[in-house]
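K.L.:
Dropping the structure in here first, questions after.
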Amino acid sequence: MRKTGFICDEKYFWHDTGNGALFMPAGGFIQSHESSENPETKRRFKNLLEVSGLMDDLVQMKPRYATEEEIRYYHTQPYIEKVKQLSALGYGDAGSLAMVGKDSYEIALLSAGGAIQAVEAVVKGNLDNAYALTRPPGHHAEASEGMGYCIFNNVVIAAKYAQKVLGLERIMILDWDVHHGNGTESAFYDDPNVLFISLHQERLFPAGRGNVEDTGTGAALGTNINIPLPAGTGNAGYLHALQEIVEPIATEFKPQLIIISAGQDAGLFDPLARMMVTMDGYRRMTKFVIDLADKLCNGKLVACHEGGYSAAYVPFCSLAIVEELSDQRTDVEDPFIEGFKDLPVDELYDLQREYVEKVKVEQAKYWSISTTV
Ligand code: ZN
């Protein structure tokens, strides 16, 4: 059993994204319903932690508010002011599809603060690892623009805090949210000390981002790794990418801390993507990263919640992650998989191999990575 922190706050669930349908606000021919990014998915995850009994064995921590100075590690002052104004107003878009409700500014500060606290506690050795159930999510947020439900980039701010305040020299960020982590990529595109790896469904969101050829700039060439995978990729394809690309490059990079941008929207039932990762897949992916962290950085690992929009399934995928982090098993089994047991989630297809191989060929310019070509 490991000492695993769990950072959450009821206020995270009070961030109001307004009425809409999927990712669009209501209006015109879109009848008012609910945004895909609503509190329910995350709240149900927290509830499952409690009902399963796992919560009792976690170190529960209340997040603090990030300071405005910490937000400025990445975001511009005019953008911060814009979020503040929209939040006071009670409704608006902080960029493209990044809805702000009443008090969302303060809640976004608390979300970034939760990521900072998780990182600080793990780096200082107060915890072995941690899961921050932060909301709003962060990985799409650019320096001067909110995007895709994300207001402030929690993981970027926490990683910069680890650099500036905690003195870390090498940090690896593994973003397995099904969408490309554009905001995080932008933040560290010219920073050779942060290895950013994004696994995502190809050409999903945002348009034009997440290409294999986007590998960083200047001294940071090779420290930005995009792994686009074809629609339909399941557990086997994700694990193949982790083994073939992430393990050798991370081993060569030698991070002192690994942060996972943990979006569980590559899950089998997600309404916003077309991947097929199961609860067991998330379990094995987490185990893989834990083993890597044990080997490279004394187990120092923080998972920070990003997307995931199946209110029924995300809690189970996320529970498996926390079970692995804390090295415990509850009685909870995947209740849905029986109905889909013939799906080839654990089969690796040639097409998926080809996608991974393409990334390896590109990255072989910068890393000792073997390719079959
Ligand atoms: Zn996502």
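K.L.:
Highest mean first, what order results for 106-114, 124-132 on Cβ atoms within 10 Å? Intermediate values should be presented prior to the final figure.
P.N.:
Working: 106-114: 26.6, 124-132: 21.3.
Going from most to least packed, we get 106-114, 124-132.
K.L.:
Before anything else, pin down the relative contact order of the chain: Cα pairs under 8 Å, at least 6 apart, normalised by residue count, whole percent. Write down the numbers at each step before the final one.
P.N.:
Details: 867 pairs, mean separation 67.0, N = 373.
Reported relative contact order: 18 percent.
K.L.:
Oh, and also: Could you give the alpha-carbon Rg of the chain over 2.2 N^0.38 Å, rounded to two decimals?
P.N.:
Working: Rg = 18.9 Å, N = 373, 2.2 N^0.38 = 20.9 Å.
In units of the 2.2 N^0.38 Å rule of thumb, it is 0.91.
K.L.:
Between Leu351 and Lys254, what's the calculated FRET efficiency when r is the beta-carbon distance and R0 is 45 Å? Round to 0.05. Don't skip to the end; give the middle numbers.
P.N.:
Working: r = 32 Å, r/R0 = 0.72.
So the FRET efficiency works out to roughly 0.90.
K.L.:
To continue, here is another question. Can you give the Rg and Dmax of region 76-234 based on its C-alpha atoms, in angstrom?
P.N.:
15.7, 43
K.L.:
Need one number: % antiparallel among DSSP beta bridges in region 4-363, to the nearest 5.
P.N.:
Numbers: 8 of 45 bridges.
So the antiparallel bridges amount to about 20 percent of the total.
K.L.:
For a protection proxy built on the mean count of beta-carbon atoms within 10 angstrom, sort 345-355, 290-300, 225-235 highest first, please.
P.N.:
225-235, 290-300, 345-355
K.L.:
Which value, in debye to the nearest 20, describes the size of the charge dipole of region 32-100 about its Cα centre when Lys and Arg Cβ atoms bear +1, Asp and Glu Cβ atoms bear -1, and nothing else is charged? Walk me through the numbers on the way to the answer.
P.N.:
Details: 9 positive and 11 negative charges, 16 e Å.
So the dipole magnitude of region 32-100 works out to roughly 80 debye.
K.L.:
So what is the relative contact order for region 93-140, in percent, with contacts set as C-alpha pairs under 8 Å and at least six apart?
P.N.:
35
K.L.:
Output the direction-averaged projected area (hull surface divided by four) of the convex hull of the alpha-carbon atoms of region 231-349, in nm². Each step should come with its number before you reach the end.
P.N.:
Details: hull surface 29.4 nm².
With the hull built on Cα positions only, its mean projection is 7.3 nm².
K.L.:
By a straight-distance test (C-alpha under 30 Å), which lysines pair with Lys42 as possible cross-link partners, with residues fewer than eight away in the same chain excluded?
P.N.:
Hits, sequence-local ones excluded: Lys3, Lys11, Lys62, Lys82, Lys84, Lys102, Lys124, Lys160, Lys287, Lys300, Lys341.
K.L.:
Also: Dipole size in debye (nearest 20) for the chain around its Cα centre, Lys and Arg Cβ +1, Asp and Glu Cβ -1? Mind dumping the intermediate values first?
P.N.:
Working: 33 positive and 52 negative charges, 141 e Å.
Roughly 680 debye for the chain.
K.L.:
In straight Cα distance, which aspartates and glutamates are under 13 Å from Lys254, not counting same-chain residues fewer than 8 positions off?
P.N.:
Excluding near neighbours in sequence, the set is Glu169, Asp294.
K.L.:
Towards the positive end of the charge dipole of the chain, with charges on Cβ (+1 Lys, Arg; -1 Asp, Glu), say which of Ser104, Pro136, Thr67 has the farthest Cα.
P.N.:
The Cα lying farthest towards the positive end belongs to Thr67.
K.L.:
How much FRET efficiency would the formula 1/(1 + (r/R0)^6) give for Leu89 and Arg2, where r is the Cβ-Cβ distance and R0 is 51 Å, rounded to 0.05? Walk me through the numbers before you get to the answer.
P.N.:
Values: r = 44 Å, r/R0 = 0.86.
After rounding, the FRET efficiency stands at 0.70.
FYI, it's all coordinate maths here, none of it is from the lab. Since the model is a prediction, treat every value here as computed from it, not as a measurement. So basically every Cβ, Gly included, is an ideal-geometry build from the backbone, and we count neighbours across all protein chains shown.
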